[in-house]
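Read the structure below first, then the notes.
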Amino acid sequence: MLLHLAPIRFDFFRICSVTIGLLGLLGGGCQSVDERIKQHPDVFQELSAAEQERLRDRIVKLGDSPELVMIAFGKPDKEERVITSNGRERVVWTYHGRHHMKTGSRLESPIYGTVPVVHDYKVIDFVLAQVTFLDGEVVNLRNPAAEAEDLDAVIQSMPAPTGHTTVDGP
């Protein structure tokens, strides 16, 4: 299983469709992949050229270490640690995204002969990705926005309701 956090289409009730750039969304903030590589040079240099390219492309896979995820995605927005019933440590890193959706515009009172236009925005917070580690190794990857798109595609492929209800069976 791979998790690739490239720019994604976020479909919010089919009202808006936007492309979200990762640099502003991941916990790494303005920090680039190259800057994060400088923080873990020994780990990065030990990787093959293909693995280095994968991390530069912000792709994480099962079995990766926290250092590799940190290089690819940056610091998580939220970290939860749990000791399982059999004494193993499970850590979940969550990365959040924000979308500013324009909800309207209005004219304000004239100022020195000009009429300013004010745009109103609603901030939509969402989970961009979740990475779960067990004993220091990635064991689960989630991209809820991609999951929502997959569900939307399934719904769109279903036949439209006809208004008639039929029941098959004995």
Quiz item: How far apart, in nm, are two points set 7 Å out from the Cα along the Cα-to-Cβ line at ILE155 and at ASP34?
Solution: 4.2
Practice problem: Pop a pseudo-label 7 angstrom from the Cα along the beta-carbon direction at both PHE126 and ALA148 and give the gap in nm to one decimal. | Solution: 0.3
Self-check item: Carbon/sulfur fraction of accessible area - the range 64-116, other protein chains in place, 1.4 Å, %
Solution: 51
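Given the Cα atoms of the range 30-170, and with Rh set as the inverse mean 1/r over their pairs in the Kirkwood sense, what is Rg to Rh to two decimals?
Radius of gyration over Kirkwood radius for the range 30-170 works out to 1.19.
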Quiz item: Given H placed on each backbone N at 1.01 Å, which residues far from ASP64 in sequence or on other chains put an amide H within less than 5 Å of it?
Solution: VAL138
Quiz item: How much accessible surface area, in Å² rounded to 10, belongs to the heavy atoms of LEU47 with a 1.4 Å probe?
Solution: 40
Quiz item: Averaged per residue, what accessible surface does the range 40-170 expose to a 1.4 Å probe, in Å²?
Solution: 66
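The values are calculated or read from the model by the stated rules, or taken from the named source; none is laboratory data. Since the structure is predicted, the reported quantities are computational estimates derived from the model, not experimental observations. Cβ sites come from the backbone with ideal geometry, for glycine too, and all protein chains shown count toward neighbours. Note: areas computed on protein heavy atoms with side chains; ligands, DNA, RNA excluded. Shrake-Rupley method; radii C 1.70, N 1.55, O 1.52, S 1.80 Å.
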